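Below is one structure; the comments refer to it alone.
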Amino acid sequence: IERLGVVIGDATSKGVSAATQALYTSGALRMGFEYQTKISSLLSRVNKLLNKTFSEEHFVSLFYAELTDDKNGLVLYANCGHNNPVLYRAKNRHTEFIEATGQMLGPFPNVQFKTENFHMGSGDILLLYTDGVSEATNEQGEFFGEDRISRTIIRNANQTSKQITQILLQEVQQ
């Protein structure tokens, strides 16, 4: 089976420290791809590296998915404490959230990372995002929230992925 890996993550610190964590994690993942075939093994090794390199209060949330060429639309994934991606099901026009399968990367060196899977059908949409979207606030201090993200996808499911992204960002900015 041919696969395409997709990763989104978020470092807990700010500024140069966060950029350093992100760059380090990205490099570790790129190197690991060359030697690891199992997602859980790869994440376990990256986790141990981050634990040795950064202090406990500096950790990384990460969602990793492998899109396969399986005729049934098989997607393999691990969610290491990242925001729950939104999966829109075209068949029933509903959304579901892809829950965490493990801890964030870094603080706990011996944590095991579980790999799960789901199937995507024709017209299904998988939205990956960071807390900058869900935790954006208005003047009253109210979060944009996961429910609003879901409603935006449902209302715009007939649009292209680029259009959905633009619409979602416009709504967050408003």
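The values are calculated or read from the model by the stated rules, or taken from the named source; none is laboratory data. Just so we're clear, the structure is a prediction, and the values are computed from it rather than from any experiment. As a convention, Cβ positions derive from the backbone with ideal geometry for all residues, glycine included, and neighbour counts pool all protein chains shown. Just so you know, the surface numbers come from the protein's heavy atoms only, side chains and all, with ligands and any DNA or RNA stripped out. Shrake-Rupley method; radii C 1.70, N 1.55, O 1.52, S 1.80 Å.
Worth pointing out:
- Using a probe of 1.4 angstrom and keeping all protein chains present, the accessible surface of the chain works out to 59 square angstrom per residue.
- Only the Cβ atoms of Lys and Arg (+1) and of Asp and Glu (-1) were treated as charged; on that basis the dipole of region 61-172 about its Cα centre amounts to roughly 400 debye.
- Zone residues, region 44-73, relative to V6, backbone N less than 11 Å from point 7 Å out along Cα-to-Cβ: 64-68
- Net length available on complete extension from I167 to K14 is 52.4 nm, with 0.36 nm assigned per residue and the Cα-Cα distance removed.
- Each of Q140 and E99 was given a label point 7 Å from its Cα along the Cα-to-Cβ line. The distance between the two points is 3.1 nm.
- Ellipsoid semi-axes for region 104-174, based on the Cα gyration tensor and the rule √(5λ), read 26, 21, 9 Å when sorted largest first.
- Residues L128 and N158, FRET efficiency given R0 of 22 Å [Cβ-Cβ distance, rounded to 0.05]: 0.65
- Antiparallel %, DSSP beta bridges [both residues in the chain], to 5: 95
- Short-range pairs are left out: with C-alpha atoms under 8 Å and at least six residues apart, the relative contact order of the chain is 21 percent.
- Once the chain from E34 to A22 is taken as fully extended at 0.36 nm per residue, the excess over their C-alpha distance is 2.4 nm.
- The Cα-based radius of gyration of the chain, divided by its Kirkwood radius, gives an Rg/Rh of 0.98.
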